[in-house]
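The values are calculated or read from the model by the stated rules, or taken from the named source; none is laboratory data. None of the values given here were measured: they were computed from a predicted structure. Positions of Cβ are generated from backbone atoms using ideal geometry, with glycine treated the same way; all protein chains shown enter the neighbour counts.
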Amino acid sequence: MKNILVALLLLAGGAVFSLRAQIESSPADDLPNLLAQVDLTKDVNTTFYEVWQVPIFEELANTESRVITILTGTMKVMKLPVETTFLHQIGTYNHRGLQKLNDRLVLAGSNAKAEALVASAELEEHQILFLENALENTEDLDVILLYDRIRSISKDNLRDIVAELQKEGITYRPIVMSDKYFDMQVILETAPVF
């Protein structure tokens, strides 16, 4: 019941903003969008670390910082423009949907540590689903490997958040992705294959 209440509180803050890749997009479209999402996730986790002083938020923010470095480096190699002004302003975004999502999640996560963990998990779900769609929109092997690497990092982050919530006595259920995808592609993915 507690986990249902936390999810409802997060969703009640406003309409869920979809961060998924466009149906017909390319790495030139998807990489800047992914960079903005990763920056949002870093910023939210940085804010939660400042509020709660819980190590997982600092670890998540540091991981997202490393992903930003990888993404910006890749974009420069691909000669794609890299918008960096938003990277230096925590919690400020030009895209209205990202701003609303940031504001909703930071507000919810400032009330309780468990709500902050759920908010961080929601952001990882958004990234994973975005990457699933982006993978369908490219045949470039280097980009596929990059997306797959970042998707694995996001899945690891989500598993870490779920484990932290379990320590709090909360069973996490996905907010954005389906229960089936969450169970099979995130939770069971690390199970040994026989």
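Given the conditions (1) in a helix (DSSP H, G or I); (2) over 12 Å from the mean Cα position of the chain (by Cα); (3) buried (at least 21 other Cβ atoms within 10 Å of the Cβ), which single one is not true for TYR172?
(1)
Looking only at region 97-107, count every residue that is in contact (Cβ under 8 Å) with a residue 12 or more places away in the chain and either closer than 17 Å to ILE56 by Cβ or in contact with a Ser or Thr (Cβ under 9 Å, 6 or more places away or on another chain) (or both) and tell me the total.
Residues in region 97-107 being in contact (Cβ under 8 Å) with a residue 12 or more places away in the chain and either closer than 17 Å to ILE56 by Cβ or in contact with a Ser or Thr (Cβ under 9 Å, 6 or more places away or on another chain) (or both): 4 in total.
Which one of the conditions (1) at pLDDT below 95; (2) in contact with a Pro (Cβ under 9 Å, 6 or more places away or on another chain); (3) within 21 Å of LEU60 (Cβ to Cβ); (4) aliphatic (A, V, I, L, M) does ALA121 fail to meet, given that it meets all the rest?
It is condition (1) that ALA121 fails.
Do we find a residue being of a type in the set (A, V, I, L, M, F, W, C) and in contact with a His (Cβ under 8 Å, 6 or more places away or on another chain) anywhere in region 36-46?
Checking region 36-46: at least one residue is of a type in the set (A, V, I, L, M, F, W, C) and in contact with a His (Cβ under 8 Å, 6 or more places away or on another chain).
Out of LEU145, LEU158, I need the residue that is in a helix (DSSP H, G or I), within 22 Å of VAL67 (Cβ to Cβ), free of Cβ contacts under 8 Å to residues at least 24 places away in the same chain and out of contact with any strand residue (DSSP E or B) (no Cβ under 9 Å at 6 or more places or on another chain). Which one?
From the options LEU145, LEU158, the qualifying one is LEU145.
With the checklist (1) without any contact (Cβ under 8 Å) to a residue 40 or more places away in the chain; (2) at positive phi in hand, flag the one item GLY91 doesn't pass.
(1)
For region 67-98, what are the residues that are assigned to a helix (DSSP H, G or I) and β-branched (Val, Ile, Thr)?
Matches in region 67-98: VAL67, ILE68, THR69, ILE70, THR72, THR74, VAL77, THR85.
Quickly run through region 139-164 and pick out the residues that are surrounded by fewer than 19 Cβ atoms within 10 Å (Cβ to Cβ), more than 16 Å from GLN185 (Cβ to Cβ) and of a type outside the set (D, E, K, R).
If the condition is that a residue be surrounded by fewer than 19 Cβ atoms within 10 Å (Cβ to Cβ), more than 16 Å from GLN185 (Cβ to Cβ) and of a type outside the set (D, E, K, R), then LEU141, ILE144, LEU145, ALA163 are the ones that fit.
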